[in-house]
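A.B. asks: Following this message is one structure expressed as structure tokens.
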Amino acid sequence: MSVVRYEPAGEIGYIVVNSPPVNALSAAVRQGLLDAIGAFAADEARVAVLYCEGRTFIAGADISEFGKAPVPPFLPDVIAAIEASTKPVIAALHGTVLGGGLEVALGAHGRIGLNGTRVGLPEVTLGLMPGAGGTQRLPRAIGIEKAAEVITSGRQIGAAEALDLGILDALSDAADARTAGTAEAQRWLEEGRAPRRLSEVPAPGITDDALAALRAKVDRTARGQVAPLRALDTMIEGLSMPFPAAMQHERSAFLALMQTPERAALIHAFFAERAAAQMPVNARPRPFQRVGIIGGGTMGQGIAAAALNAGLDVTLIERDQAAADKALAGIARMQDEAVKRGKLSQADRDAMIQDRFQAGSDYAALSESDLVIEAVFENMDVKQQVFRELDQVCRPGAVLATNTSYLDVDQIAGVTGRPQDVIGLHFFSPANVMRLLEIVIAEVTAPDVVATAFALAKAMGKIAVPSGICDGFIGNRMLLTYRTAADHLVLDGASPFQVDRAVTGLGFPMGPYQVGDLAGLDIGYATRQRKAATRDPRERVPVFADRLVEAGRLGRKSGQGYYIYDAESPKGRPAPDVDDLVAQVRSDLGLTPRSFDDEEIRDRYMAAMVNEAAKILDEGIAAKPSDIDAVLLHGYGFPRHKGGPMHWADTVGLDRIVANILSYAADDPYFWALSPLLEKLASEGRSFAELNAKSS
Ligand code: T1G
């Protein structure tokens, strides 16, 4: 069955694409479009409607073809054939019309969209730029500034805004794209309209000042990524050329970006987050419409908001009514914020709070819940007590989940008579914003409970990553390790501020000490206190961090930690006494400091991260390296254009990382115990990417 067909229907001909899941522009679709436009030319039909079957119009080039040998026909030629048609071609759009899909639509002579259609050129989010006319046809349709914003942001645009901008000619409330397209085609026939080619529209201009301002803005927001500025420059340069030359210019710039490591990393990230969310079990989810939440603190409120946004009914339980009301107020504030940012309508906000949310203190209110998520204080006794109560009140078959971020889910499940119904759902704060969800599968968790967790994640728009059980699961266990590597650097001579600078130089939004200040230094202090009794004597303790907490400097929440946070510097400025405090600690510990350059700091930080990740992989806590990448990308600020620690490690070379670790282990064999898996892969010249391929 060809993925594109031409259907003659009298005066109107239909070019129909049907290539699930998202009608991506594979070689077969490109060839099919070319054949169909040829069939239309030869047919008596006077106007053609180009539309797609399935859930969306073309959502872009076929990303799975990237990095492979390009196969003709090439997209610019296919679009040129559509645009050159001597009879009008109207694109009828629905779903998410992205990248090459929008470029195809811009090559057509008219564009009508169903309500709810979203359009965009997200190529920069893949380290690329539009490569089939987007940088030349879009500015001719909507002007340079607006086109620059659309192309360099890569954001999706709603139907109403697309109409306002002039990307769409009309909106339709028809039931489907074919119907909308047919009505528009009949209008063109009645008005006797001829093809209107964007390539023939004179190129818009821009003043030097406006261009300089635009470049500065794009440079600022690109945060070191190459594609956004390259896309802008290529657009501007092309607009001063004849159209065919501009298309050549765009194509060569596009192909050059295709060769960049950023593109490889961003494509890896795209597929890593989707591969992670693949259901790891073959089971049907249980119902989860009625969600219960225990604990109305920051996490409980965020989880409640995320569940409400997913269309679920929420019952939140707190210790008393006053605390429950406080939680409701917090959730209402979150939703008000979403209304302010245009993410939610006032009507939907009011309806979800009035009709689908209740808060109280009586566990009995959970007797009919399908799924209950416990989000109370991170203490084993407290959590086990909650699960004993849930075991009493919840109906048979209800899924019982814990939001613990470190503790052993088996121990929590073990206090119930239904451990097979217990699972870990580790949300990240703020839970209504952060997309990562670690799904912690306990020893006896039933397959349909796992399936329920993944279905819930999809409903909430979360990126689900399965994890086995260990202290801190995937993300927090790695965090503890690379954080410790940072602390060792400080004990041995580096300044916390230098470490932060070196790490942000990698592309992280913040360094470990800025993150510490944001999260609260008392959390790390409590963990160190909790572990003190069982700590291995070979472990090195960041005494300087304890000194800060004991001096009441908890970070942002107390106005001071490693940095000072006040009106003068809301984002923080280095506290002048920190380096002295650290120097005092070194001398108390009899340590002789030495200097480190930023490169060595980065090497040690990343080596610790990758080494621990390899151990997590080796123990089967994570199923595949790309899952670990998805966790660090969506939960720990890992720079997306580096693809995640495992992808990054492959680009650097595992042998180089192993050599570094072996040299560090000479001073500290305990901390730098090399992962046998990492050693094996390096010695065999292999990569983490191979393990991804193996597990898919
Ligand atoms: N190519 C190949 N496969 C794709 C794809 C694409 N463009 N988009 C999605 N898929 C697969 C995806 O891997 C998944 O597969 C399934 O479709 C459902 O996707 C020349 C060069 C469209 C908004 O960047 O943003 O055009 O996991 O789970 O949440 O200028 O997918 O089921 O096996 O994400 O509903 C520009 C990328 C390309 C759009 C749907 N286009 N896709 O989201 O489902 S560059 C994009 C998305 C380009 C030209 C340039 C989203 C979506 P599987 P999903 P979703």
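A.B. asks: In this structure, does Arg55 turn out to be part of a helix (DSSP H, G or I), within 11 Å of the ligand (Cβ to nearest atom), more than 20 Å from Gly166 (Cα to Cα) and of a type in the set (Lys, Arg)? Reasoning before the result, please.
C.D. replies: Values: part of a helix (DSSP H, G or I): no; within 11 Å of the ligand (Cβ to nearest atom): yes; more than 20 Å from Gly166 (Cα to Cα): yes; of a type in the set (Lys, Arg): yes.
Judged against the criteria, Arg55 is not a match.
A.B. asks: Here's another thing I want to ask about it. For the range 100-121, which residues satisfy the criterion of being assigned to a helix (DSSP H, G or I) and near the ligand (Cβ under 8 Å from one of its atoms)?
C.D. replies: Scanning the range 100-121 gives Gly100, Gly101, Glu103.
A.B. asks: For the structure I just gave you, tell me whether Glu237 is within 26 Å of Gly461 (Cα to Cα) and not hydroxyl-bearing (Ser, Thr, Tyr). Quick ask: steps written out before the conclusion?
C.D. replies: Working: within 26 Å of Gly461 (Cα to Cα): no; not hydroxyl-bearing (Ser, Thr, Tyr): yes.
Judged against the criteria, Glu237 is not a match.
A.B. asks: Name the residue, out of Asp313, Asp219, that is at negative phi, at pLDDT below 95, under 27 Å from the mean Cα position of the chain (by Cα) and among the acidic types (Asp, Glu). Show your work before the answer.
C.D. replies: Values: Asp313 fails: at pLDDT below 95.
It is Asp219.
A.B. asks: Does Ile15 meet the test of being in contact with a Leu (Cβ under 8 Å, 6 or more places away or on another chain), more than 10 Å from the ligand (Cβ to nearest atom) and outside any loop (DSSP other than H, G, I, E, B)?
C.D. replies: Values: in contact with a Leu (Cβ under 8 Å, 6 or more places away or on another chain): yes; more than 10 Å from the ligand (Cβ to nearest atom): yes; outside any loop (DSSP other than H, G, I, E, B): yes.
Spelling it out, Ile15 is indeed in contact with a Leu (Cβ under 8 Å, 6 or more places away or on another chain), more than 10 Å from the ligand (Cβ to nearest atom) and outside any loop (DSSP other than H, G, I, E, B).
A.B. asks: Checking the structure you have, find out if any residue of the range 450-461 is part of a loop (DSSP other than H, G, I, E, B) and buried (at least 20 other Cβ atoms within 10 Å of the Cβ). Before the answer, list the steps.
C.D. replies: Taking the range 450-461 as the starting set, the residues that turn out to be part of a loop (DSSP other than H, G, I, E, B) are 461.
Within this subset, residues satisfying the condition of being buried (at least 20 other Cβ atoms within 10 Å of the Cβ) are none.
No.
A.B. asks: Regarding the range 281-298, can at least one residue be identified that is within 16 Å of the ligand (Cβ to nearest atom), touching a strand residue (DSSP E or B) at 6+ places or on another chain (Cβ under 7 Å) and not in a helix (DSSP H, G or I)?
C.D. replies: No, the conditions are met nowhere in the range 281-298.
A.B. asks: What pairs come out if I take residues in the range 253-273 that are within 12 Å of the ligand (Cβ to nearest atom) and pair them with residues that are β-branched (Val, Ile, Thr) and assigned to a helix (DSSP H, G or I) whose C-beta lies under 7 Å away, six or more apart or interchain?
C.D. replies: Short answer, once both residue conditions are applied: Ala253/Thr234; Leu266/Thr125; Ile267/Ile63; Phe270/Ile63.
A.B. asks: Could you list, in sequence order, all residues of the range 80-89 that are in a loop (DSSP other than H, G, I, E, B) and either touching a Phe, Trp or Tyr at 6+ places or on another chain (Cβ under 8 Å) or within 10 Å of the ligand (Cβ to nearest atom) (or both)? Don't jump to the end; show me each part of the working.
C.D. replies: First, the residues of the range 80-89 that are in a loop (DSSP other than H, G, I, E, B): 85-88.
Listed by number, the residues that qualify are Ser85, Lys87, Pro88.
A.B. asks: Which is within 16 Å of the ligand (Cβ to nearest atom), surrounded by 24 or more Cβ atoms within 10 Å (Cβ to Cβ) and not in a strand (DSSP E or B), of Val124, Val97? Before the answer, list the steps.
C.D. replies: On the way: Val97 fails: not in a strand (DSSP E or B).
Result of the check over Val124, Val97: Val124.
A.B. asks: Do you know which residues across the range 333-352 are in contact with a helix residue (DSSP H, G or I) (Cβ under 6 Å, 6 or more places away or on another chain) and closer than 24 Å to Gly292 by Cβ?
C.D. replies: First, the residues of the range 333-352 that are in contact with a helix residue (DSSP H, G or I) (Cβ under 6 Å, 6 or more places away or on another chain): 334-335, 339, 344, 346, 349, 352.
Met334, Gln335, Leu344, Arg349, Met352 - these are the residues of the range 333-352 that are in contact with a helix residue (DSSP H, G or I) (Cβ under 6 Å, 6 or more places away or on another chain) and closer than 24 Å to Gly292 by Cβ.
A.B. asks: Related question: Which ones in the range 66-79 are near the ligand (Cβ under 8 Å from one of its atoms) and surrounded by fewer than 18 Cβ atoms within 10 Å (Cβ to Cβ)?
C.D. replies: Phe66
A.B. asks: Okay, next question. Can you tell me which residues in the range 447-481 are on the phi < 0 side of the Ramachandran plot and small (Gly, Ala, Ser)?
C.D. replies: Let us first name the residues in the range 447-481 that are on the phi < 0 side of the Ramachandran plot, namely 447-460, 462-471, 474-481.
Answer for the range 447-481, where residues must be on the phi < 0 side of the Ramachandran plot and small (Gly, Ala, Ser): Ala451, Ala453, Ala455, Ala457, Ala459, Ala464, Ser467, Gly468, Gly475.
A.B. asks: Are any residues in the range 56-100 among the β-branched types (Val, Ile, Thr) and on the phi > 0 side of the Ramachandran plot, and if so, which ones?
C.D. replies: The first filter runs over the range 56-100 and keeps only residues among the β-branched types (Val, Ile, Thr), leaving 56, 58, 63, 71, 78-79, 82, 86, 89-90, 96-97.
Passing the criteria: none in range.
A.B. asks: Could I ask something else about it? Report, by residue number, each residue of the range 179-209 that is outside any loop (DSSP other than H, G, I, E, B), touching a helix residue (DSSP H, G or I) at 6+ places or on another chain (Cβ under 7 Å) and either more than 30 Å from Asn115 (Cβ to Cβ) or not polar (S, T, N, Q) (or both).
C.D. replies: Narrowing the range 179-209 to residues outside any loop (DSSP other than H, G, I, E, B): 179-191, 198-200, 208-209.
Still in the running and touching a helix residue (DSSP H, G or I) at 6+ places or on another chain (Cβ under 7 Å): 198-199.
If the condition is that a residue be outside any loop (DSSP other than H, G, I, E, B), touching a helix residue (DSSP H, G or I) at 6+ places or on another chain (Cβ under 7 Å) and either more than 30 Å from Asn115 (Cβ to Cβ) or not polar (S, T, N, Q) (or both), then Leu198 is the only one that fits.
A.B. asks: Right, next: Taking the options Glu374, Glu368, Glu389, name whichever one is modelled with pLDDT of 95 or more, out of contact with any strand residue (DSSP E or B) (no Cβ under 8 Å at 6 or more places or on another chain) and within 19 Å of Arg418 (Cα to Cα). Explain how you work it out, then say what you get.
C.D. replies: Values: Glu374 fails: out of contact with any strand residue (DSSP E or B) (no Cβ under 8 Å at 6 or more places or on another chain); Glu368 fails: out of contact with any strand residue (DSSP E or B) (no Cβ under 8 Å at 6 or more places or on another chain).
Exactly one residue qualifies, and that residue is Glu389.
A.B. asks: Turning to a different aspect of this structure: So in the range 272-310, with the set limited to residues that are of a type outside the set (Gly, Ala, Ser) and at pLDDT below 95, which one is nearest to the chain's Cα centre (by Cα)?
C.D. replies: At the first step, the residues of the range 272-310 found to be of a type outside the set (Gly, Ala, Ser) are 273-274, 278-282, 284-291, 293-294, 298-299, 301, 303, 308-309.
Still in the running and at pLDDT below 95: 274, 278-282, 298.
Working: Arg274: 10, Gln278: 15, Met279: 18, Pro280: 20, Val281: 23, Asn282: 25, Thr298: 22 Å.
So the residue we want is Arg274.
A.B. asks: Additional query: Filter the range 428-445 down to residues that are part of a loop (DSSP other than H, G, I, E, B) and either closer than 15 Å to Ile469 by Cα or among the aromatic types (Phe, Trp, Tyr) (or both), then give me how many there are. Reasoning before the result, please.
C.D. replies: At the first step, the residues of the range 428-445 found to be part of a loop (DSSP other than H, G, I, E, B) are 428-435, 441-445.
Next, from what is left, pick out any that are either closer than 15 Å to Ile469 by Cα or among the aromatic types (Phe, Trp, Tyr) (or both): 428, 441-445.
Qualifying residue count for the region: 6.
A.B. asks: Which one of these is more than 30 Å from Gly224 (Cα to Cα), more than 8 Å from the ligand (Cβ to nearest atom), crowded, with 24+ Cβ neighbours inside 10 Å and not polar (S, T, N, Q): Ala148, Ala160, Ala92, Ala174?
C.D. replies: On the way: Ala148 fails: more than 30 Å from Gly224 (Cα to Cα); Ala160 fails: crowded, with 24+ Cβ neighbours inside 10 Å; Ala174 fails: crowded, with 24+ Cβ neighbours inside 10 Å.
Only one candidate passes the filter, namely Ala92.
A.B. asks: Condition check: modelled with pLDDT of 95 or more, of a type outside the set (S, T, N, Q), outside any helix (DSSP H, G or I) and surrounded by 14 or more Cβ atoms within 10 Å (Cβ to Cβ). Does Met247 satisfy that? Break it down into steps so the answer makes sense when it comes.
C.D. replies: On the way: modelled with pLDDT of 95 or more: yes; of a type outside the set (S, T, N, Q): yes; outside any helix (DSSP H, G or I): no; surrounded by 14 or more Cβ atoms within 10 Å (Cβ to Cβ): yes.
For Met247, the condition - modelled with pLDDT of 95 or more, of a type outside the set (S, T, N, Q), outside any helix (DSSP H, G or I) and surrounded by 14 or more Cβ atoms within 10 Å (Cβ to Cβ) - is not met.
A.B. asks: Which of the following residues is touching a Pro at 6+ places or on another chain (Cβ under 9 Å) and either among the small types (Gly, Ala, Ser) or under 24 Å from Ala455 (Cβ atoms) (or both): Asp370, Asp348? Working first, answer last.
C.D. replies: Values: Asp348 fails: touching a Pro at 6+ places or on another chain (Cβ under 9 Å).
Result: Asp370 is the single residue among Asp370, Asp348 that is touching a Pro at 6+ places or on another chain (Cβ under 9 Å) and either among the small types (Gly, Ala, Ser) or under 24 Å from Ala455 (Cβ atoms) (or both).
A.B. asks: Here is a list of conditions, (1) more than 28 Å from Cys470 (Cα to Cα); (2) aromatic (Phe, Trp, Tyr); (3) surrounded by fewer than 20 Cβ atoms within 10 Å (Cβ to Cβ), and Tyr525 meets all of them except one; can you say which number that is?
C.D. replies: (1)
A.B. asks: So in the range 19-52, with the set limited to residues that are within 15 Å of the ligand (Cβ to nearest atom) and among the polar types (S, T, N, Q), which one is surrounded by the most Cβ atoms within 10 Å (Cβ to Cβ)? Before you say what the answer is, go through the steps one by one.
C.D. replies: Of the residues in the range 19-52, the ones within 15 Å of the ligand (Cβ to nearest atom) are 19-30, 33, 52.
Applying the additional criterion that residues be among the polar types (S, T, N, Q) yields 19, 23, 26.
Values: Ser19: 21, Asn23: 26, Ser26: 16.
Selected residue: Asn23.
A.B. asks: Checking the structure you have, find out if any residue of the range 400-408 is free of Cβ contacts under 8 Å to residues at least 40 places away in the same chain, within 24 Å of Val281 (Cβ to Cβ), buried (at least 24 other Cβ atoms within 10 Å of the Cβ) and of a type in the set (Val, Ile, Thr).
C.D. replies: yes
The rows are residues; the columns are (1) within 26 Å of Arg118 (Cα to Cα); (2) modelled with pLDDT of 95 or more; (3) assigned to a strand (DSSP E or B); (4) in contact with a Ser or Thr (Cβ under 9 Å, 6 or more places away or on another chain).
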site	(1), (2), (3), (4)
Ser2	no, no, no, no
Ala28	yes, yes, no, yes
Val49	yes, yes, yes, yes
Ser64	yes, no, no, yes
Pro70	no, no, no, no
Val78	yes, yes, no, no
Ala91	yes, yes, yes, no
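A.B. asks: Acidic (Asp, Glu) and either buried (at least 19 other Cβ atoms within 10 Å of the Cβ) or at pLDDT below 95 (or both): is that true of Glu237 in this structure? Steps first, answer last, please.
C.D. replies: Details: acidic (Asp, Glu): yes; either buried (at least 19 other Cβ atoms within 10 Å of the Cβ) or at pLDDT below 95 (or both): no.
No; evaluated as a whole, the condition is false for this residue.
A.B. asks: What's the number of the only condition in (1) free of Cβ contacts under 8 Å to residues at least 60 places away in the same chain; (2) buried (at least 22 other Cβ atoms within 10 Å of the Cβ); (3) of a type in the set (Ser, Thr, Tyr) that Ser683 fails to meet?
C.D. replies: Failed condition: (2).
The values are calculated or read from the model by the stated rules, or taken from the named source; none is laboratory data. Predicted model only: the values in this text are computed from it and were never measured. Ideal geometry is used to build each Cβ from the backbone, glycine not excepted, and the neighbour counts take in all protein chains shown.
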